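> Structure provided below as structure tokens; questions to follow.
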Amino acid sequence: MMSKSSNGSRRRNPVRIPYQLIRNVTSPEEKGNGVQTYVANVPAYEIRQLDTSENLRNYIAAHNERKRNSVHRAIESTIREFPDRFINRNSGITISCSNIVVDDNAKHVDLFDASLINGAQTQGEIQRHANEIGDPETGIVAEDFFFHVRAEIYVDPDNGSVVETAIARNTATSVKSITQAGARGHLKDLQASIALAQDGAKIRKSETDTEVLETLTILQLTRLLMPESVSGSKSAAEKLRAYKNKAQCLTDFSDWYTKKEFEQDAKDKYYFTVKIAPHAYAEAKHWESHANWTGHQIWEATKQGRAVRRDRSGNVNWVAPGILYPLLSGLSPFVVQDPLDGWVIRKPDLFQEPEMIRRAVAQFRAHNSDPMAMGRSEGAYDAMRIYPETLVEVLKAAGKS
């Protein structure tokens, strides 16, 4: 008997998975939502063909074997020593698809737009084992090594609903919020803004992404430069948030994303962040390796932590965030909204970068050469704003701003 789900339309390139047994376990609530759920026993090596496009994370150890942890080793141990018990000892996998065709005669299912939404680590360990025992040319695994895994097949044509289900299914496994924000599309505009200015650079949208710019760092940098006219706050908490709580910077950004269509305040903060992001990133890189740090004889490592790093020539090429962040925050008076370019950083000709660094070093020493103490000091942020704010006020008084 062949059955076809009424959910969604048949699409190209279905994934065909054989099964030993399958059952439709759809509840009345799921049926009312246009969703179906099946439970199937499937040959473990067949799940290698599933992609993870809707999953919150890929196989963690895909690019680095050292990232394998106790969970991976436990899965591996069961595969090697007790494959006949794998289906009982493993929590199984969850597959999402927009449509399903079940062929009871041939004992296989065709899954349309199929993706794992839970079980990527299981899939990765199965693939790893298959690489060891399979044919080196074809990848085919002999039937003697076959065992089964239990799969929940979740049929839902609504991609937004699939994303939320994936997030819910992975919450218990400490999936980082950056992955959730990426899955929900909160980072699309930020990605586009960075890519346009940074020659196609990509930001982190999942904890397993590689060769990307760190999204949390970018959000911290934008928060440092947010003027009071946008933040609406002069509080110490606002000044220190970027350094003390980078996770909150992401939480706030996601909140602004969800509210931007009906709250002007959220819209202003969201679009400020998106527009200033590439400028903030470039500005941080500029100051981090500024030539004038080198002349101030800052010790690389202090009793309170590393302050700077130097290259082989002895030049500073990295400055601790505790020193850098108050300096960057001090530049916020130079952040202006241009009618054509949006939010940009415009330093006046009178501004002397060596003077800004001198003041940052003075604050560092005033805080007992402790980068963390400086990064957490409201006074350091206030002090670093004095010079830029004074310049802006003088230029306004002279009618040049």
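> Hey, among K269, K234, which residue is in a helix (DSSP H, G or I) and over 17 Å from K205 (Cα atoms)?
K269
> What number goes with the only condition from (1) touching a Phe, Trp or Tyr at 6+ places or on another chain (Cβ under 8 Å); (2) at pLDDT 95 or above that Y243 does not pass?
Among (1) touching a Phe, Trp or Tyr at 6+ places or on another chain (Cβ under 8 Å); (2) at pLDDT 95 or above, the lone unmet condition for Y243 is (2).
> Now a separate question. Enumerate the pairs (first residue in segment 21-40 and assigned by TED's automatic domain parsing to the domain that holds V162; second residue anywhere and aliphatic (A, V, I, L, M) and not in a strand (DSSP E or B)) with beta-carbon separation below 6 Å, excluding pairs fewer than 6 apart on the same chain, so at least 6 apart or on different chains.
T37/V25; V39/V25
> Taking the stated definitions as given, is L331 within 22 Å of T222 (Cα to Cα), out of contact with any Cys (no Cβ under 9 Å at 6 or more places or on another chain) and not basic (K, R)?
When the stated conditions are applied, L331 passes them.
So that you can scan it fast, the table gives a plain yes or no per residue for (1) at pLDDT 95 or above; (2) under 30 Å from A197 (Cα atoms); (3) not aliphatic (A, V, I, L, M):
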| position | (1), (2), (3) |
| --- | --- |
| R306 | no, no, yes |
| V316 | no, yes, no |
| A320 | no, yes, no |
| L340 | no, yes, no |
| R365 | no, no, yes |
| N368 | no, no, yes |
| R385 | yes, yes, yes |
| A397 | no, no, no |
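> Still on this structure, I have one more. Can you name the residue in segment 218-245 that is under 24 Å from the mean Cα position of the chain (by Cα) and of a type in the set (S, T, Y) and, of all such residues, is surrounded by the most Cβ atoms within 10 Å (Cβ to Cβ)?
T222
> Now, a different point. Out of S96, S115, I need the residue that is touching a residue at least 60 places away in the same chain (Cβ under 8 Å) and touching a Phe, Trp or Tyr at 6+ places or on another chain (Cβ under 7 Å). Which one?
Only one candidate qualifies: S96.
> Quick check, is H186 in contact with a helix residue (DSSP H, G or I) (Cβ under 8 Å, 6 or more places away or on another chain) and assigned by TED's automatic domain parsing to the domain that holds V35?
Considered against the rule, which asks whether it is in contact with a helix residue (DSSP H, G or I) (Cβ under 8 Å, 6 or more places away or on another chain) and assigned by TED's automatic domain parsing to the domain that holds V35, H186 comes out as no.
> Further, regarding this structure: Which members of segment 255-274 meet the condition of being out of contact with any Leu (no Cβ under 9 Å at 6 or more places or on another chain), farther than 15 Å from S231 by Cβ and surrounded by 15 or more Cβ atoms within 10 Å (Cβ to Cβ)?
K259, K260 - these are the residues of segment 255-274 that are out of contact with any Leu (no Cβ under 9 Å at 6 or more places or on another chain), farther than 15 Å from S231 by Cβ and surrounded by 15 or more Cβ atoms within 10 Å (Cβ to Cβ).
> Now for a different question. Looking at V109, V101, which one is aliphatic (A, V, I, L, M), at pLDDT 95 or above and surrounded by fewer than 20 Cβ atoms within 10 Å (Cβ to Cβ)?
V101
> Which one of these is within 24 Å of I17 (Cβ to Cβ) and modelled with pLDDT of 85 or more: D158, D144?
Criteria check complete, one pass: D158.
The values are calculated or read from the model by the stated rules, or taken from the named source; none is laboratory data. None of the values given here were measured: they were computed from a predicted structure. When we count neighbours, we look across all protein chains shown, and the Cβ atoms used for this are built from the backbone with ideal geometry, even at glycine.
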